[in-house]
Amino acid sequence: MQHTVYHKDTTRTLARHPKVKTNLEHFATEAAAKAALTREVKRGAVKAEDFLIAPTNKFWNEIEKTEVVKNLMSGKDVVQSVNTPHCCNPSTETYWSM
């Protein structure tokens, strides 16, 4: 079972934090997730009390927040995860130029 480290207020994953060096969104074990968080805390990139760890399935189904963005081409509102990559976000030029 995989685990996800996420910010307790925004539910953005650890890898989406600007100062963090890891690019992993999900970890194979809870111990690996704790180790990644500990490394980033020791580097001074994040504060441990701001982050939580949950099983990935529970995170996706119950915890992760959504946001409403405007589709760049049609102007309609689109609901998406707060962890949607920039290249998959229809409110960005990157999405429409690919």
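General observations
- Candidate set: region 1-44, residues that are of a type in the set (Val, Ile, Thr) and outside any loop (DSSP other than H, G, I, E, B); chosen: the one nearest to Lys65 (Cα to Cα): Thr13
- Residues of region 23-52 classified as of a type in the set (Ser, Thr, Tyr) and touching a strand residue (DSSP E or B) at 6+ places or on another chain (Cβ under 9 Å), total: 1
- In region 45-66, the residues that are part of a loop (DSSP other than H, G, I, E, B), in contact (Cβ under 8 Å) with a residue 24 or more places away in the chain and farther than 22 Å from Val79 by Cβ: Ala45, Val46
- For region 57-66, the criterion of being over 16 Å from Asp9 (Cβ atoms) and crowded, with 16+ Cβ neighbours inside 10 Å is met by none of the residues.
- In the set (1) within 15 Å of Leu14 (Cβ to Cβ); (2) small (Gly, Ala, Ser); (3) loosely packed, with under 12 Cβ neighbours inside 10 Å, the condition left unmet by Ser74 is number (1).
- Test: residue in region 20-31 that is surrounded by fewer than 15 Cβ atoms within 10 Å (Cβ to Cβ) and within 14 Å of Asn57 (Cα to Cα): yes
- Filtering Val5, Val79, Val69, Val41 for residues that are among the β-branched types (Val, Ile, Thr) and buried (at least 17 other Cβ atoms within 10 Å of the Cβ) leaves a single hit, Val5.
- Single condition Asn89 does not satisfy, out of (1) within 18 Å of His3 (Cα to Cα); (2) without any contact (Cβ under 8 Å) to a residue 24 or more places away in the chain; (3) surrounded by 15 or more Cβ atoms within 10 Å (Cβ to Cβ); (4) touching a Phe, Trp or Tyr at 6+ places or on another chain (Cβ under 9 Å): (1)
Values quoted throughout were computed directly from the atomic coordinates according to the rules given, and no laboratory measurement underlies them. As the structure is a computational prediction, the values presented were derived from the model and not from experiment. As a convention, Cβ positions derive from the backbone with ideal geometry for all residues, glycine included, and neighbour counts pool all protein chains shown.
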